[in-house]
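The structure appears right after this line, and notes come after that.
The values are calculated or read from the model by the stated rules, or taken from the named source; none is laboratory data. What you see is a predicted model; the values in this text were computed from it and never measured. We place every Cβ from the backbone using ideal geometry, glycine too, and count neighbours over all the protein chains shown. For the accessible areas, the whole protein counts, side chains as well, though only heavy atoms, and no ligand, DNA or RNA atoms are used. Shrake-Rupley method; radii C 1.70, N 1.55, O 1.52, S 1.80 Å.
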Amino acid sequence: AKESGRHAVCLFSPDIDHWGAQRLKLRHEIRPAIEQRQFVLHYQPQFRVADNAVAGAEALVRWQHPKLGLLNPIAFLEIAEASPVINELGAWICDEACRQLASWNRLGHTLIMSINVSARQLGNPALHEMFAACARKHGVDPKFIKIEITESMLSQDVSIAEAGLNKLKEYGFRIALDDFGTGYSNFTYLHRFPVTALKIDRSFVQPIAQDAKALAMLNGIISLAKAINLTVICEGVETENQREALLGTGCDLIQGYLTGRPLVAEEFTQLHLTNVRK
Ligand code: C2E
Ligand code: CA
Ligand code: CA
Ligand code: CA
């Protein structure tokens, strides 16, 4: 037992060191990687329930790492958020998403681009200026940009977040409360902050096809959100049964693997924007 215990420790601790070192290494690689254009945005379509048209896209960041391959945000976002480098990455994401939106606009497509921001970005008092400058640079109207925040961010540095969000709203940006249903789902946030859309998490959406109670709850949340004029997006829609169950709920937009996975811009254009009436 002692033998195997020691063996386990031997196997385990170098792994922890390795992971710690890997994280540190990745953190230092982020800034040069932005310059070397190793980050890419994938875009996931959002479909309007009313007419089944592509109404928007959510920009989702990936890192094409030269040694580790294509990394999902889970592999590097937390690392980036632990340092001010998240502001640079966030600025690159905003610039790239606005550039792509302008490019789709030139092709005649009217879309709303959803852009995620992290907690640390929301605590940055210059965030609204960064978004405004990006929109101006690419000639896109802020009303076609939807900034996604989560409620956990609102429970933290509330005063800065509140001021920043109010400015963004004044400039005309849309603001979505993301992952609704995963945290405390505190309705006072909807009242206090200038949120224009509610994005309901997949953990709420996915059970509705087999679970009447889950469907009743979703209906209640959507009625409430609609009563205060929020746009409602249901995310994580993976099956036809889930989609059908959603049709009667009054939700405005659906997003999920069923209707479209995140794709690079060219593939998104090919699959979702060709043969669409302008
Ligand atoms: P999120 O904002 O909730 O984004 C939705 C995530 O769910 C994405 O994962 C997407 O690929 C995935 N997804 C979409 N449809 C389905 C579905 O039908 N089923 C399932 N199981 N998953 C689905 P992804 O791209 O790995 O992003 C994970 C998280 O990383 C995002 O969650 C967001 O919090 C964060 N993130 C992604 N891109 C950015 C970014 O550009 N900036 C910031 N600050 N955070 C980002
Ligand atoms: Ca999101
Ligand atoms: Ca989400
Ligand atoms: Ca999330």
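The residues on offer are Glu238, Glu170, Glu244, and the sole one that is within 27 Å of Cys134 (Cβ to Cβ) and either more than 16 Å from ligand 4 (Cβ to nearest atom) or in a loop (DSSP other than H, G, I, E, B) (or both) is Glu170. Filtered by the rule that a residue be within 16 Å of ligand 4 (Cβ to nearest atom) and surrounded by fewer than 17 Cβ atoms within 10 Å (Cβ to Cβ), the range 189-232 gives a lone residue, Ser203.
When you look at Ile175, is it within 16 Å of ligand 2 (Cβ to nearest atom), in a strand (DSSP E or B), surrounded by fewer than 21 Cβ atoms within 10 Å (Cβ to Cβ) and modelled with pLDDT of 95 or more, yes or no? It is true that Ile175 is within 16 Å of ligand 2 (Cβ to nearest atom), in a strand (DSSP E or B), surrounded by fewer than 21 Cβ atoms within 10 Å (Cβ to Cβ) and modelled with pLDDT of 95 or more.
Of all the listed residues (Leu107, Leu122), the sole one being in contact (Cβ under 8 Å) with a residue 40 or more places away in the chain and open to solvent by 50 Å² or more (accessible area, probe 1.4 Å) is Leu107.
Scanning the range 40-79 for residues that are among the charged types (D, E, K, R) and open to solvent by less than 50 Å² (accessible area, probe 1.4 Å), we see that the one that is nearest to His109 (Cα to Cα) is Glu58. Taking the conditions (1) farther than 21 Å from Ala59 by Cα; (2) within 19 Å of the chain's Cα centre (by Cα) in turn, Ala216 satisfies each one other than (2).
Look at Gly260 and say whether it is within 13 Å of ligand 1 (Cβ to nearest atom), within 13 Å of Asp201 (Cα to Cα) and at pLDDT 95 or above. No; evaluated as a whole, the condition is false for this residue. Under the condition of being within 12 Å of ligand 1 (Cβ to nearest atom) and surrounded by fewer than 16 Cβ atoms within 10 Å (Cβ to Cβ), the residues counted in the range 125-153 number 1.
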